[in-house]
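Quick notes on the structure that follows.
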């Protein structure tokens, strides 16, 4: 492990002092399904990506429905989305990789891991064949299957379910044996939120972890209490912190297996992940993406003294963060007058990390230099504010080891190719 840390640190230093930094453009599976259903269109957008300065592209091959965008013997293949149909003989992934390689672009495969349904369309694996895989939420109305929570678009699964873990690893193995990718960036390797997962399976596994039976479940974790104003508040139970640590351990153990799966196929494949940057509240989705060297218990009351053992940054070759804030500088947060957003991590707080600058800083702090971090931006948040977007891009390039832009669809819809080109050239290279 010591040698891995040294190599990662050297890689981080090299990326910071190199003439150029990696710049990743994400290609979402469903948002771009129609425009990427033709070879000429794929060529067009890859040409544009190269022209404005991107070095890498991220190809989403497993959207939140649980379907995949290639012929699979394991998962259903998505050949139609919103009325757009792809011919059966259209090898989307193969064509994309072929055209990207012609342009010397590195290509990373992205898979949405612990999710298998789209609640807005009642579509996906948990709807069609595996309803038993869906996460069970503990809400102020009681225990609810996530497919009934229609305010959530992602029908998340239970990460602690070993059957689901094996299934997801088999898909990863199948994909990488079929296609030659430069890297893998796993997405949604997490729980749905603090309300998940409260199935009987999770109870049993948690009790095994504790070495004792719970007297009250789910109240031993937390309970909902109705206030005089009619709103419900969450009150922590005696096993709340241990529950948080257990969930984070579940995710870390899966990440170990995922890395081993990737490296067994080809040790040169870059192994990465994509998470939100809001570390102080990211425990709510059961993930500790920090370094093992970072001890959150010294700063945050939700962390146990052993929570630091759940950090998985040392497993990564690449980490990209969602710096999903309209405010670019820390100073802007203090005088916040900008449009509100609905993305996670943007709840209107005044903490310094509620900015692109601050989120770049906190990711660097908790990662302890063990893995390069590419600051990510959600383009939709800057709709109508191209100058603010340019400043955000420049901040990511200046304060992190690279850049990730989510997503192609917004650059196309806003016709911001010139905007992103100016921003990339404006950032310190």
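With respect to the conditions (1) over 30 Å from residue 98 (Cα atoms); (2) in contact (Cβ under 8 Å) with a residue 24 or more places away in the chain; (3) out of contact with any strand residue (DSSP E or B) (no Cβ under 7 Å at 6 or more places or on another chain); (4) surrounded by fewer than 21 Cβ atoms within 10 Å (Cβ to Cβ), residue 204 lacks only one, and its number is (2).
Yes or no, residue by residue, for (1) under 20 Å from the mean Cα position of the chain (by Cα); (2) more than 17 Å from residue 193 (Cβ to Cβ):
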residue: 111; (1), (2): yes, yes
residue: 124; (1), (2): yes, yes
residue: 131; (1), (2): no, yes
residue: 148; (1), (2): no, no
residue: 152; (1), (2): yes, no
residue: 155; (1), (2): yes, no
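Where strands (runs of 3 or more DSSP E) fall wholly inside the range 113-177, the ranges with 3 or more residues that are out of contact with any helix residue (DSSP H, G or I) (no Cβ under 8 Å at 6 or more places or on another chain) are 142-145.
When the test is whether a residue is within 28 Å of residue 325 (Cβ to Cβ) and assigned to a helix (DSSP H, G or I), residue 292 does not pass it.
Is there a residue in the range 133-144 that is crowded, with 17+ Cβ neighbours inside 10 Å and under 22 Å from residue 77 (Cβ atoms)? Yes: the range 133-144 contains one or more residues that are crowded, with 17+ Cβ neighbours inside 10 Å and under 22 Å from residue 77 (Cβ atoms). Scanning the range 340-382 for residues that are modelled with pLDDT of 95 or more and at positive phi yields 368, 369.
Within the range 251-281, being within 26 Å of residue 166 (Cβ to Cβ), in contact with a strand residue (DSSP E or B) (Cβ under 8 Å, 6 or more places away or on another chain) and in contact (Cβ under 8 Å) with a residue 24 or more places away in the chain holds for 255, 258, 259, 262, 269, 270, 271, 272, 273, 274, 275.
Residues in the range 77-112 that are in contact with a helix residue (DSSP H, G or I) (Cβ under 7 Å, 6 or more places away or on another chain) and modelled with pLDDT under 95: 0 in all. Filtering the range 377-396 to residues that are surrounded by fewer than 23 Cβ atoms within 10 Å (Cβ to Cβ) and touching a residue at least 60 places away in the same chain (Cβ under 8 Å) leaves 388, 391. Within the range 217-250, the residues that satisfy the criterion of being in contact with a strand residue (DSSP E or B) (Cβ under 7 Å, 6 or more places away or on another chain) and under 19 Å from residue 193 (Cα atoms) are 218, 222, 223, 224, 225, 232, 233, 234, 235, 236, 237, 240. Of all the listed residues (389, 414), the sole one being within 22 Å of the chain's Cα centre (by Cα), under 21 Å from residue 45 (Cβ atoms) and modelled with pLDDT of 95 or more is 389. Taking the criterion of being closer than 27 Å to residue 275 by Cα and in a loop (DSSP other than H, G, I, E, B), would at least one residue in the range 88-102 satisfy it? Among the residues of the range 88-102, not one is closer than 27 Å to residue 275 by Cα and in a loop (DSSP other than H, G, I, E, B), which makes the answer no.
The values are calculated or read from the model by the stated rules, or taken from the named source; none is laboratory data. Computed from a predicted structure; not experimentally measured. Every residue, glycine among them, receives a Cβ derived from its backbone with ideal geometry; neighbour counts consider all protein chains shown.
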